[in-house]
Every structure is written in C-alpha cells, then in structure tokens.
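Each remark here refers to the structure printed beneath this line.
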Amino acid sequence: MTPMVLNLTWSGLLVISAYLLGSLPTGYLAGRWLKDIDIREHGSGSTGATNILRTVGKGPAVVVLLIDALKGAAAISLVNGFYTLTQVSLLPETWQPWLVALAAFAAIFGHSKSIWL
C-alpha cells in the first residue's frame, strides 16, 4: 500500500468514526428509555435537548445537552489522540488541523443526520 493510500485510509477512518460518534441519538434514546416515547412525535419533533426539556424534563435535557457536547469533543479528541498516541507518524503533521475540522464537521453532520434514525 502506498503512503498516500495509507494516509487517506486512516483519515477516512477517523472522519467516519467521528460521524458515527456524533450520530448517536442521545435525545431519542432519552425519550425512549425514560418515557417510552419516540421524541420525534412530540413537541417540535426534534431529538435535541430543547425538545427533551419540553417533553421529558429539565434533568434529562441537561444530560442530553452534556452528552451531545461531549460527542463533539470526543470526535476532536479522537483525531488529536491519534496523532499523540501513535509512535510512528502515520499521517503528516500538516493534516492534523484539517482532520480536526473534518472530524468536528462529521460529528455535527452525524448529530443532524443520524444513520440510526
């Protein structure tokens, strides 16, 4: 495998992982677990923390909001951790800021367009 193909493969895996992490539907799961409802059929129809606040309550909404924020932070940490923990530089250092931005975008996109819903 050529170095460029290897670089692109690792980059793609990191971005896909960030998307999958961001796509975990925490609001939907909170509605399902706490009230046995599909949150998309109540309130605004959104799976976000605001709709959880309206439909389920303040405590679950705060938890959903925190988990959603942590998903984004974890996606960025995934890329930074990959650069920090790998002994051999598998990806060029100049790619790191771009991959961090792509991972953040992928997590946000996953949050908006979840593969699970």
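Since every read-out is calculated from the coordinates, none of them should be taken as a lab result. Everything quoted here is computed from the prediction, not taken from an experiment. Note that we place each Cβ from the backbone using ideal geometry, even for glycine, and neighbour counts take in every protein chain shown.
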Whole-Hz Karplus couplings 3J(HN,Hα) for segment 36-50, θ = phi - 60° and coefficients 6.51, -1.76, 1.60, Gly and Pro as x, run 6, 10, 8, 4, 5, 9, 10, x, 7, x, 7, 9, x, 5, 5
Once normalised by the length of the chain, the mean sequence separation of its alpha carbon contacts under 8 Å that are 6 or more apart gives a contact order in percent of 40 percent
Between Phe105 and Thr2, the FRET efficiency computed from the C-beta separation at R0 = 35 Å comes out, to the nearest 0.05, as 0.85
Restricting to lysines and to Cα separations under 18 Å from Lys113, and discarding same-chain partners fewer than 8 apart, the set is Lys71
Of the candidates Asn80, Thr94, Gly22, the farthest towards the positive dipole end of segment 11-110 (Lys/Arg Cβ +1, Asp/Glu Cβ -1, centred on the Cα centre) is Gly22
Rh_Kirkwood(the chain) over Cα pairs, Å, one decimal, evaluates to 15.3 Å
The farthest towards the positive end of the charge dipole of the chain, of the residues Phe105, Ile52, Leu6, given +1 on Cβ of Lys and Arg and -1 on Cβ of Asp and Glu, is Ile52
Treating only Lys and Arg (+1) and Asp and Glu (-1) as charged, each at its beta carbon, one finds that the chain has a dipole about its Cα centre, in Debye to the nearest 20, of 280 debye
Once phi for every residue in segment 59-75 is put through the Karplus expression 6.51 cos²θ - 1.76 cosθ + 1.60 (θ = phi - 60°), the whole-Hz ³J(HN,Hα) values, with Gly and Pro written as x, are x, x, 5, 5, 5, 4, 4, 5, 5, 4, 5, 5, 4, x, 5, 5, 5
Quick calc, segment 36-78, dipole around Cα centre from Cβ unit charges on Lys, Arg (+) and Asp, Glu (-), nearest 20 debye, gives 160 debye
Fewest-first ordering of Lys35, Lys113 by Cβ atoms within 10 Å yields Lys113, Lys35
